[in-house]
Amino acid sequence: MGKWLAMLKEIAPRLARVAVLSDPRTNVSHDYFLRNTMAAASPLGIEVISSPFDNVADLERSIRSFGRQNNAGLLVLPYNFTIVHRDRVIALAAEHRLPAVYAFRYFVTDGGLMSYRINLVDVFRQCASYVDRILRGAKPADLPVQVPTRYETVVNLKTAKQLGLTVPPGLLVAADEVID
């Protein structure tokens, strides 16, 4: 979550508040993401606001309300509801000129500003290595815990331009994919 906030702050330096979009009743990771976001936001001078919703009308109301605030942005958590309604989320973020970071690349290819997440191909390679070891007789409990080591960043320049944002050169260089 710290990287998400840092990316938003880099592309929108005056960012002062961020809404975390999720439904805490059905997204089991909501509290985890919210706690980590709050911890990472303080050093960056960003206020974190939980924006819970459980239907499209609440989601729209939440984004519209947040869109009336100055220097605001969105963190769209990985959650089935936001995935299913990503076109609406992306459209509302654009309509209210809210920079947003997403967990999935396809949000960006669909018009969202940027995404940052673990590199799934790398994770699957790690999994294959574990399966191989287990099939050769290793006990799963004896295998070391591995964490993702590669991440991918995707930035949509067209969306940045529509939002009136300039993508800093450092973010462009760090991006694995830049969409024009």
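We did not get these values from a lab; they are worked out from the coordinates using the rules stated. Fair warning: this is a prediction, and the values are worked out from it, not measured in the lab. Positions of Cβ are generated from backbone atoms using ideal geometry, with glycine treated the same way; all protein chains shown enter the neighbour counts.
What is the local net charge at Ala16, summed over the other residues whose Cβ is closer than 10 Å to its Cβ (Lys, Arg +1; Asp, Glu -1)?
Local net charge: +2.
Using a Debye calculation, one point per C-alpha and no hydration shell, please list log10 I(q)/I(0) for segment 1-104 at q = 0.14, 0.15, 0.24 Å⁻¹ in order.
Reported log10 I(q)/I(0), two decimals: -0.45, -0.52, -1.43.
What lysines does Lys161 reach when the alpha-carbon gap must be under 21 Å and sequence neighbours fewer than 8 apart in one chain are set aside?
Lys9
Around Asn55, under 15 Å between beta carbons, what's the net of Lys plus Arg minus Asp minus Glu among the other residues?
Residues close to Asn55 contribute a combined charge of 0.
Cα centroid distance between segment 107-150 and segment 1-62, in Å?
For segment 107-150 versus segment 1-62, the Cα centre distance is 25 Å.
Lysines within cross-link reach of Lys3: Cα-Cα under 21 Å, excluding same-chain residues under 8 positions apart?
The reachable lysines, counting only those whose Cα sits under 21 Å from Lys3, number zero.
Which shape class, rounded, prolate or oblate, goes with the chain when its Cα gyration tensor gives a ≥ b ≥ c as root eigenvalues, a/c under 1.5 marks rounded, and past that a/b bigger than b/c marks prolate?
It comes out prolate by the Cα gyration axes.
Please give me, ordered by residue number, the trypsin sites (Lys or Arg not before Pro) of segment 93-151 that lie in loop per DSSP and have at most 11 other Cβ atoms within 10 Å.
Listed in order of number, the matching sites are Arg136.
Please give the net charge around Gln69, taking every other residue with its beta carbon less than 13 angstrom from that of Gln69, where Lys and Arg add +1 and Asp and Glu add -1.
Taking every other residue near Gln69 into account, the sum is +4.
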